[in-house]
Amino acid sequence: MHSSTAPSWSQSLGVHARAHPLALAGLGVAVLGLLAMWAQGGVVPAGQSSQFVAWALLGGTAGLVATTVGALPALLFGSLQQKTEDVMLGLAAGMMLAAAAFSLLLPGIAAGRELTGNAGLGAGLVVLGMALGVLLMLGLDAFTPHEHDNSGPCGPGYARCNRVWLFVFAVAIHNLPEGMAVGVAFAQGDMGVGLPLATAIALQDIPEGLAVAMTLRSIGTPAWKAVGIAALGGLLEPLGALVGISLVGSSALAYPVGLGLAAGAMLFVVSHEVIPETHRNGHQTAATLGLMAGFALMMVLDTTLG
């Protein structure tokens with residue numbers, strides 16, 4: 001909650017930066033890497049077909065719509081059984097894991113191999129992107145004030161934020177890399193990469209949107225406001241898609257790096273946030289079965305749509 005005795009934003013940020021120098025350094029490296037990719041890709045993908053940009057924006061918008069649709073039951077119900085929520089988040093985690101593997105890493109390795117003529121070098125470009133994605137998410141997680149249902153508030157200046165806004169920032173940290181992944185996947189106009197990924201992310205956004213809205217209801221947020229906040233978080237998906245496609249542009253070199261970056265960011269979110277959340281309440285087995293079902297579903301989608 002906001003407090004008049006809380007330190008200022010600049011004071012909080014300075015103290016936090018001194019306490020987390022490695023996270024700050026990693027965020028700096030990630031930002032420099034993103035700027036380098038942006039320069040390589042041309043910032044605004046003017047050399048690309050505008051159709052690719054339209055596909056990326058539509059894919060990101062599908063995630064926004066799915067998040068909003070998933071949150072709508074919060075208008076009728078005030079709570080969700082914890083086991084049900086854990087299974088649904090497990091399902092979303094499984095789909096994100098499979099999407100990272102089948103729709104990002106494997107196409108990235110193939111693109112890198114074609115670009116360099118060497119399988120090891122091609123994989124190295126993807127690994128470089130993964131490292132940038134992980135550093136980016138570590139930095140955002142460390143330096144964005146946010147809160148999760150069970151882990152409590154964290155980040156610089158969280159004491160000056162309303163609790164609802166802390167949840168908004170937490171959702172944004174989840175949704176931004178998903179949107180970026182969609183943008184990168186469509187950057188070369190390959191529907192076999194972009195369509196399965198956009199479909200998987202939209203599907204897993206439904207249980208995520210419901211979980212976010214129900215969590216907000218549990219802390220006393222009015223139903224309409226809970227749905228609106230979930231939808232606001234989903235807005236990061238189309239915005240992230242535009243960022244992702246701009247990072248890669250028409251650059252053949254940036255494409256495998258960008259796919260690796262998106263995969264690294266998504267894997268970080270799944271491992272650091274989603275899976276631990278599903279294992280805090282004694283429903284590990286049910287959540288794991290949900291994860292396996294989500295992974296299998298995404299594998300089938302990738303096979304049929306790819």
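See the values below:
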| read-out | value |
| --- | --- |
| Debye equation applied to the C-alpha atoms of the chain, log10 I(q)/I(0) at 0.08, 0.11, 0.14 Å⁻¹ | -0.34, -0.64, -1.03 |
| The stretch 82-134 - Rg over Rh from alpha carbon coordinates, Kirkwood radius | 1.21 |
| Environment charge of Ala200, counting only residues whose C-beta is closer than 11 Å and scoring Lys/Arg +1, Asp/Glu -1 | -3 |
| With Cα atoms, 0 to 90° folded angle of helix 21-41 axis to the chain main axis | 40 degrees |
| Crossing angle, helix 9-19 versus the chain [Cα axis fit, 0-90 degrees, rounded to tens] | 70 degrees |
| Phi-based couplings in Hz for the stretch 258-271 (Karplus 6.51, -1.76, 1.60; Gly and Pro marked x) | x, 4, x, 4, 4, 5, x, 5, 5, 4, 4, 4, 5, 6 |
| 0 to 90° range, to nearest 10: angle between helix 50-71 axis and the chain longest Cα axis | 20 degrees |
| In order through the stretch 236-247: 3J(HN,Hα) via Karplus (6.51 cos²θ - 1.76 cosθ + 1.60), integer Hz, x for Gly, Pro | 5, 5, x, 5, x, 5, 5, 5, x, 6, 6, 4 |
| Size of charge dipole - the chain - debye, nearest 20, with Cβ of Lys, Arg +1 and Asp, Glu -1, no other charges | 460 debye |
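Since every read-out is calculated from the coordinates, none of them should be taken as a lab result. Remember, it's a predicted structure, so these values are computed and weren't measured experimentally. Because the Cβ atoms are built from the backbone with ideal geometry, glycine has one as well, and the counts that use them run over all protein chains shown.
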